[in-house]
Amino acid sequence: LRMASGDLDDDRHPIRVSSYLSRGFYSTQVERFLGMFPRENCLFIKSEALIGEHDLVMKRVFSFLKVDPDLKVPAEQVFVGTNGELSPVLARVLGLLYRRDRARLKRLVGVEFDDWG
């Protein structure tokens, strides 16, 4: 990646485009992460929960970190991009492609991912 030219934050960068599908297999990434850190030191939260129930999720995070759970952090979305329309066929294909990974991810982190496709 160091040798890659251009801005890796640009969604059109070849490395970002070419790796998009593989980066969707979260269980492999989480497995590597859990190979480096003890499970009891990890808290996994879906971004949808953080957006939809910000204060409740932050309270859970702060409790996990053993800091004041009543600390208030304003909700702010960063890295907000445009959500292009996904064709129903492509959505179905991706849902089937990632189905086993979602089940594996659920076993690893204890979070439900059925709403992901």
- Item | Pairs with Cβ under 9 Å, 6+ apart, first in segment 89-112 and farther than 9 Å from Ser27 by Cβ, second aromatic (Phe, Trp, Tyr) and open to solvent by 80 Å² or more (accessible area, probe 1.4 Å) | Gly95/Trp116; Tyr98/Tyr26; Tyr98/Trp116
- Query: Within segment 64-84, can you find the residues that are more than 23 Å from Tyr26 (Cβ to Cβ) and at pLDDT below 90?
  - Reply: Pro69, Asp70, Leu71, Lys72, Val73, Pro74, Ala75, Glu76
- Item | Residue under evaluation Ile45, criteria (1) among the β-branched types (Val, Ile, Thr); (2) at pLDDT below 85; (3) open to solvent by less than 90 Å² (accessible area, probe 1.4 Å), criterion not met | (2)
- Item | Members of segment 43-55 found to be within 19 Å of Ser27 (Cα to Cα), hydrophobic (A, V, I, L, M, F, W, C) and in contact (Cβ under 8 Å) with a residue 24 or more places away in the chain, listed by number | Phe44, Ile45
- Could you tell me whether Asp9 is at pLDDT below 90 and part of a loop (DSSP other than H, G, I, E, B)? yes
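The values are calculated or read from the model by the stated rules, or taken from the named source; none is laboratory data. Just so it is clear, the structure is predicted and the values come from calculations on it, not from any experiment. Here Cβ is always computed from backbone atoms with ideal geometry, including for glycine, and neighbour counts include all displayed protein chains. Just the protein is used for accessible areas: all its heavy atoms, side chains included, with ligands, DNA and RNA removed. Shrake-Rupley method; radii C 1.70, N 1.55, O 1.52, S 1.80 Å.
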